[in-house]
Structures are given as C-alpha cells and as structure tokens.
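The values are calculated or read from the model by the stated rules, or taken from the named source; none is laboratory data. As the structure is a computational prediction, the values presented were derived from the model and not from experiment. Positions of Cβ are backbone-derived with ideal geometry, glycine not excepted, and every protein chain shown enters the neighbour counts.
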Amino acid sequence: MSAAALLRRLAWSGLAVLAAAVLTFGLVYLVPADPVRVLVGPHATGAQLEEVRRTLGLDRPLPIRLASYLGGLLRGDLGHSYSEGRDVLPLIVERLPATAQLALAGLAVQVALGLPLGVVAARRPGSLVDRVATLLALGLVSAPVFLVGYLALDLLAFEPRVRWGLDLFPVGGGYRPLDPRFLALPALVLGTAGAGAYARLTRTAVLDELGREYIRTARAKGAAERRVVWRHALRNALGPLVSQLGVDAGAFLGGVAIVERIFGWPGVGQLALRSIETDDVPLVMGTVVFGTACVALASVAVDLAQAALDPRLRRG
Amino acid sequence: MDRWTAPRTGRSRRPLALLAASLALAACGSASPTPAGSAATSGAAEAGATPTTGGTLSIAFQGDIGSLDPAIGYDTVSWPAERLLFDTLVTYDAGTRIVPLLARTMPTVSADGRTYTFDLRDGVDFVRPDGSVLRPLRAADVAASLARLLDPKLKPAPDPAGADFYADIEGADAVLAGTTSTLAGVKVLGPTRVEFDLARPDATFLQVLALPFASIVPAEVAGEDTTAFAAHPVGSGPYLLRSYTKGQAAVFIRNPHFWDASRAGPDEIDLRVGVDGQAALQQVEAGSLDLMGDPLPAAAFGAVTADPRFARQVVRRTLVETQYLAMDTQPPAGSPLADVRVRQAIAQAVDKSYILKLVHGAGVAAGCIFPPDLPGYDPSCDPYPYDPAAARRLLAAAGYPNGFSTTLYTDTDDPDPRIAGALRDDLAAIGVRVDVVAQAFDTYLATIAAHKAPLAWNGWVQDFPDPSDFIDPLFSCASAGVGNSSNPAFFCDHAIDALAARARAEPDGPARLADYREIQRRIMAQVPWVPVRFPDYYTLVGSRVRGFALHPVWIDDLRSVWLAT
C-alpha cells in the first residue's frame, strides 16, 4: 500500500469514527433520560438542577453541544466524566493494558480452536466429521457468553476447589497483571465465543480454495492431502481470515463488556457498562468512540497485513 | 432517599439506593421461604468470645469506590471505606442510637435546642498513609472540616446533598455562597471544646454529624482538591490506606497510632471492587473471600438460604426502607383518585402477603409509613387491612360501582414490574383497570416529577434514622411541586406541615416520637400511599468472620468485624 493510499484509508477511518460519534450523540440525547436528575438526587431543588445543567453545559442547544464535542474529538479531547470527575481519555487509557491482555489471549484461543475446526470440516464436506465440526461451531456461536462465563467459573474453578481441593483457577475470577492463572478462563470464554464464527469462516474460505484449479494441479502432482490443505489452500484462504481477526481484535480492544463483568476484569468494557449504568454521557460517548476507533484502526492494520501476504495488493 | 436513585453498580450518589436496587434483584431467585435459621450477626455461637486482632479481612463489591474524600464520597462502597480512615464526632451504636466517637461524651444541648457543645477526646492523632503522625486533633479541625464540606471551591464540585444536610448551621449560607470560608456557627472555645450554633432548632442535627460527610479531617492537608486528598487520605480512624488501584482493590492496614489502642480487628482489610455478585458468592463459599459487599445475588438466593451448611453464615436484616404504592392526591379534575374513599378502596384491595411471596418472603408486610428500625415505628399502625369486599363497597359509595381505568408507573428493575403486575391484578379484582407502564429509572423519575403518574410503585430508604426523613421529603407541601420526584403522591396538607415543623424542632425523646406517630396517623387517614413492604437484606459471610452485623445505617460495618483464628 502506498503512503497516499494509507493516508486515504486513515482519513476514511477518521470519518467513520466521526460518523459513529454523531450517531451515538444523537442516540444518547434522543433517549428521554435526564442524567442531571440522577446526578443530583431527590433532595435537589429545581434551581440546583438548572445550576448543574448549566455547569455541565447541558443548557446549550443540541447542535452547539455536538459541534463542541466533535471539535474536542478532533483535538483528542473526549470530554470530562460526570461520575468520575476526571477526563475520559485517561480513564480509558489506564484500563487499556488489562483489556489488551484479554483481547490478545482471547484471539489466540479463537484461532487455536476455530482454525483447525474449520479446516477439518472443509477437508471432507458433508462427512460426519464436517457435520460434527459444524454442529460444534454452531453451538459455540449460539452459546451466550454470560452462560459460558458462569459455567466456566463454576465447573473449572469453583467445583474443583470445593469438591477436591484443586486450585486450578482463581475462584470467582479476578485480575492480576500478566498472571496466566487469572487470564486463562476469561480468555477461554472470550475465545470460544469467537471460535464458532471463526470456524465457519475458515471452512467456507478453505472450501472455496479447495475447488480451485491450482489445488487440482497440486493433487495431480501427487502432493500429500495434508500438504494440499494446510499449505496451499489455507495459505491462500488467509485473506478473509486475517481480515476477520483484525476486526475481532479491534472489537475486543474496544472492550468485551460481559466477559470483563463476569470475571471482574478491570478493562474498558467494564468502564463502558458502568458509564451506561450511571448515565455518564461523556463516558458513554468516549467508550463508544474509542471502540469505533479500535475497529477502524484494526481494519487499516488488516489492509497492511493483507498487502504483506498478497503481493497483488501491494500497489495502491 | 429514593431507593432507585442509583445504578446497581458503579458510583452511586445515593448510598442506600444502590443496595436497595440490588436487593430488588436479590429477591428474585428460585422459590424459597424466608429461612428461619438466618442470624442477625455472624458467628452467633461465638457471640460471647473476645474479639481478636490479626489476619486479613477481604470484602468484594461490584461497584467502585466513588471517592475516599468524605466530603464527596457518598455510596455503599465509599462509606464503609471512609469509615475505616476517618472519625466523626458522634456515630451510631449497633442500632440507630447516637453515641460519642471523637467527642468524649454526648454534647450538652442548650434549652432552645440551637447550641451543641462538644468536648473532644484527648490523644487523637491524624496519621499519614505511611504511618507517621501528622499532629494531634484540635477543636479548630472540627470548624475547618465542616467549612470545607460547604466550600463551593472544592474540586471536583461536591455533591449538593452533602452540603444540604448542614445548611442549618449558622453561617452555612455564606460559606456555600463563597463569600467567606469561615463557618460562623462553629466556634472554637478551647483546644478541645467546640460549639455549634444552629439557625433553628433541629433534633436531627446529631444524625447529620454522624454521617461520614462530617468526618474530621486536617484541613491544611485536605485542601480543595478532593482527588488529591482521596489519593493520600489523612484521618484519625482505625485504618490507613496502603494502596488503591482504581477498578481493582484498596488495601487498608491498621493505624498503629489509633486513639483506641485496645481496639481489636484485622491487621489488614482488602477491599476488592468490580467483582460480580455471583463470583463474590462463589469466593465466600470457597473460603477465599470473607464478606460480599453486595446482597446475595438473585439466582443464588433460594439455594444459599436453604442450604444447612450456611445456616450460620447467612445474615439478614430488615432495612429502614418502605416500598409503597403512591396515589396522586392532587390529580387532574374529574379523576376518581381525588376521592379519599377511592384511595382507601385501593389500599384495601392490595394483598401484601402475595407480594411478599413474589419476593420469596424477603421482607415484612408494611402497615404504615415508618419501617421497624426507624424511631417512631408503630407496630399497631395498620389502618387498611386487605378486604376486597370492603374495597368494592367503598368504590360504589364513591360513585364508581363499575370501577375506572388508570395507569401505574414502575421502573424496569426486577422485581418491580412483577410487583406492579400483582398490584394490577389486585385492583382488577375490585373493578379498577390498571395499565402498567414500566420505564427506565430516570425516565420514571421524570414522569413522577412532571406530575403525570396517577399511581406509582416506589420506595424510600432513609438518609438517616429519624422520622423527619420520611415525613419532610415525602409528604411536605415543599416537596409536592412539579419538578420534584420525592413526593409522588403530591401530598400537601398545611396543617400537617405545621405539625411536622414543630416535631422536627422538638428535643429528641418520647414526646417527639409520639408526635411523629400522630403525624403518621393523620397522613394515613388521607391515604396517599398503600405501604406494601419493608424489604429484607441478605448476605453470606465467610466462616471465620466474627462480629459482623448488617447495620441499619452502614449495612457493611467494617469497624466492628474481626476474624476467628
């Protein structure tokens, strides 16, 4: 990708983030909720409500508030959180390390589970193996994360500890930086949730490649089937798989709220949930815009990676 | 305070509202009767044992600490934490009685009820987080701490509610307005003697001095930046802050210079935040956590309270909270609700015992306004027992033999919509057709404030245990205006306002409580509410925890807990 093309992609990504900000802003203010009332509580008089509203700038017309928010956004200012009394950006940034660990580990699990499952299914479409793999993948896709999360906590941490005194994983989850015992279960839950969809995608992509002529040529030349599938077909099927991984990485970095909530993981997702629960509009906006930016940047990174994988894409 | 004025997690500005909202959840597990074996105190069998010192006590909350600065921290996580670090002049005993803390004895109160004089304890030191002594407590610190609480220059801006509680102190207005930083009504009479002058007599004044807002801090360290002070809090309480990582945990260690050297308790308290209720419960069951800061989660309620293994670890307390059906007493012209007979008919149509079954018996049926732990509670007050036949006769007498249609508003948190459904069915039985509208909490509050809810399913948790805190915000003409959400019945009776003003100023004692019982009786005669339930709070405590009781004001009272060795 040329520098100009990269700049173009980045500009489009920026526009996408701005569009997301405008949409979120509209949604947040369309909801007939009054954050001020929740903020000041039942003892407050009408005058106090107005005072707080004025302090927060909520008495200004909507378009002006939007313009001032977008202006701040362009300067990298995500606003000031009502409930935390601090700027939004540092609040998000200080939670990023925890979320990044979880996101990376979750992606690793997703690939480790989803990729083989998809390839195995693609090798003999319609066979028993394919059907079992497909069933498994569909099960993973449709299992709700909150259920899998609590089941994992119960069956892999709590029951072994209470029944047999086995200290496999910390009971009830929790967080300790870079400690694999704490990271394992949330990563497993996050990864299995993504693995189903990833397996389906892998199956389709590999199947697609297996029908191509170069595969027939390779087989005709007597290449081992294992080599045909894993080296030739999979390598060429990587395009959409890397794209998907990039988008997932962005989404995970933007916060995986439910997994973080269940396991007590102090990441961006928990921050987003709390901002919604406290009607902290700037923090809601901030976490959404941050999540959008993560996905947008990840997709730019994916394009760069694609270019590296596929020489045909290297030109602008 | 409204019981729902807060999200279930995260920072709340209304402390008890937060726990009550989670309580609503706690009550929706699988069906189970109220366990008879649940105790009011942990380690009941060891009740006579002598508290010991040592060990690390752990407690986990879903929400985070709002702030460790007592001037602004105001939620169910911040208060227990603040009370480890700071002391107030007076506090509550195990119940709702006020006892001295930093004050040597209870204050002397002038005959007109406007002057309170305190003598402070000797030997109280402010201690820095690193364990070094800053300096001894002085009477001037009391004046400076109260003035700081009212200071409009505090950053970030303080909670309006915090300052509101102290508005009766002489000169509070001037400090609030920013024209002076000296609170004229708090006079230093000597190194350890301080006097409060009130603009008007107020029997609740000691109650507000017991709130953590009124913690005594060294003003020169506390300053105007509450974020900085919360990061390095200096107080005189039994613990020091060793570390705090936002979103993860705060660790408190014993204050080696604490003024009560004989006090026993854990060496360290590990307060974890961001912990899901179900995860916390598993940790308590597995023995890796001592206390869950939030109530028992819904899904586990039935299993845990029925499990004989936990019979001695389940702790229960009826909250100082009343849940009620509010009926608009100032409805638009032509509304049937304007007729007190119609309101009484509705009151007699509600089957409270069924609603208690809906929440697995977690609570007590409410006959009147004041809940059991509130001074002034009157167990004999139950003017409108369940009697659908009488209700139908009343409706007919009021001119509605075939009933009428109306709307009931509720918020969307379980079990509230289910309770609203039960109310609808009860009223249908007497011919009143009710449309239930469930709204997100803040929308629901706005509906009430706009005077658009004929019927509203609501609740009120004390700010402090005094009957005035149930009468003034809920039934005064001042709170019955559009824009206010605390009086959903829009109840306004100038005669009762006058009685309430007199009772509020009366000296504390049996005569005052008798007056409040009379006020309660007179309000109930006009039937603005159907009081339905005084809810229970349940929690599970670790097997080695001793001395833990759910406190009527603090809920989690970490100052009284110790660990069995």
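Just a few scattered comments:
- Exclusive hit being closer than 15 Å to residue A:184 by Cα and either surrounded by fewer than 21 Cβ atoms within 10 Å (Cβ to Cβ) or away from every other protein chain (no Cβ under 14 Å) (or both), set A:96, A:156: A:156
- Residue match in segment A:131-141 (condition: closer than 25 Å to residue A:232 by Cα, surrounded by fewer than 18 Cβ atoms within 10 Å (Cβ to Cβ), away from chain B (no Cβ under 11 Å) and small (Gly, Ala, Ser)): no
- Selected residue (criterion: surrounded by the most Cβ atoms within 10 Å (Cβ to Cβ)) from residues of segment B:356-392 that are at pLDDT 95 or above and part of a helix (DSSP H, G or I): B:391
- Any hit, segment B:277-289, residues being more than 29 Å from residue B:409 (Cα to Cα), away from chain A (no Cβ under 14 Å) and surrounded by 19 or more Cβ atoms within 10 Å (Cβ to Cβ): no
- Residue satisfying all of: in segment B:506-529; of a type in the set (A, V, I, L, M) and buried (at least 18 other Cβ atoms within 10 Å of the Cβ); farthest from residue B:479 (Cα to Cα) among these: B:513
- Selection from segment B:285-330 of residues that are of a type outside the set (Val, Ile, Thr), closer than 17 Å to residue B:461 by Cβ and not in a strand (DSSP E or B): B:293, B:294, B:295, B:319
- Any chance residue B:265 is on the phi > 0 side of the Ramachandran plot and touching a strand residue (DSSP E or B) at 6+ places or on another chain (Cβ under 9 Å): yes
Per-residue answers, yes or no, for (1) without any contact (Cβ under 8 Å) to a residue 24 or more places away in the chain; (2) more than 14 Å from chain B (Cβ to nearest Cβ):
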residue	(1), (2)
A:194	no, yes
A:210	no, yes
A:218	yes, yes
A:223	yes, yes
A:232	yes, yes
A:244	no, yes
A:252	no, yes
A:260	no, no
A:266	no, no
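- Of all residues in segment A:53-93, those being among the hydroxyl-bearing types (Ser, Thr, Tyr) and either surrounded by 20 or more Cβ atoms within 10 Å (Cβ to Cβ) or not in a helix (DSSP H, G or I) (or both) number 4.
- Within segment B:393-419, the set of residues being closer than 15 Å to residue B:336 by Cβ, touching a Pro at 6+ places or on another chain (Cβ under 8 Å) and assigned to a strand (DSSP E or B) comprises B:406, B:407, B:408.
- Of the criteria (1) of a type in the set (Phe, Trp, Tyr); (2) under 27 Å from the mean Cα position of the chain (by Cα); (3) not in a strand (DSSP E or B), which one residue B:252 fails: (3)
- Qualifying residue in segment A:158-169 (condition: in contact (Cβ under 8 Å) with a residue 60 or more places away in the chain and not in a loop (DSSP other than H, G, I, E, B)): no
- Of the set (1) more than 30 Å from residue A:278 (Cα to Cα); (2) touching a Leu at 6+ places or on another chain (Cβ under 9 Å); (3) not in a helix (DSSP H, G or I), all apply to residue A:107 but (3).
- Sub-6 Å Cβ pairs linking a first residue in segment B:220-232 that is more than 12 Å from residue B:126 (Cβ to Cβ) to a second residue that is of a type in the set (Asp, Glu) and not in a helix (DSSP H, G or I), at least 6 apart or interchain, are B:226/B:69; B:229/B:69; B:230/B:69, ordered by first then second residue.
- The residue that is farthest from the chain's Cα centre (by Cα), among those in segment A:181-233 that are under 20 Å from residue A:129 (Cβ atoms), among the small types (Gly, Ala, Ser) and surrounded by 15 or more Cβ atoms within 10 Å (Cβ to Cβ), is A:233.
- Residue check for residue A:198: hydroxyl-bearing (Ser, Thr, Tyr), more than 14 Å from chain B (Cβ to nearest Cβ) and in contact with a Gly (Cβ under 7 Å, 6 or more places away or on another chain): yes
- Breaking point among (1) of a type in the set (Ser, Thr, Tyr); (2) more than 14 Å from chain B (Cβ to nearest Cβ); (3) in contact with a Gly (Cβ under 7 Å, 6 or more places away or on another chain), for residue A:204: (3)
- Under the condition of being within 14 Å of chain A (Cβ to nearest Cβ), under 24 Å from residue B:168 (Cβ atoms) and touching a residue at least 24 places away in the same chain (Cβ under 8 Å), the residues counted in segment B:478-531 number 5.
- Tabulated pairs, segment B:430-454, first facing another protein chain (nearest Cβ under 10 Å) and farther than 15 Å from residue B:487 by Cβ, second in a helix (DSSP H, G or I) and hydrophobic (A, V, I, L, M, F, W, C), C-beta under 8 angstrom, 6+ apart or interchain: B:441/A:38; B:442/A:38
- The set of residues from segment B:476-499 being at pLDDT 95 or above and outside any loop (DSSP other than H, G, I, E, B) comprises B:494, B:495, B:496, B:497, B:498, B:499.
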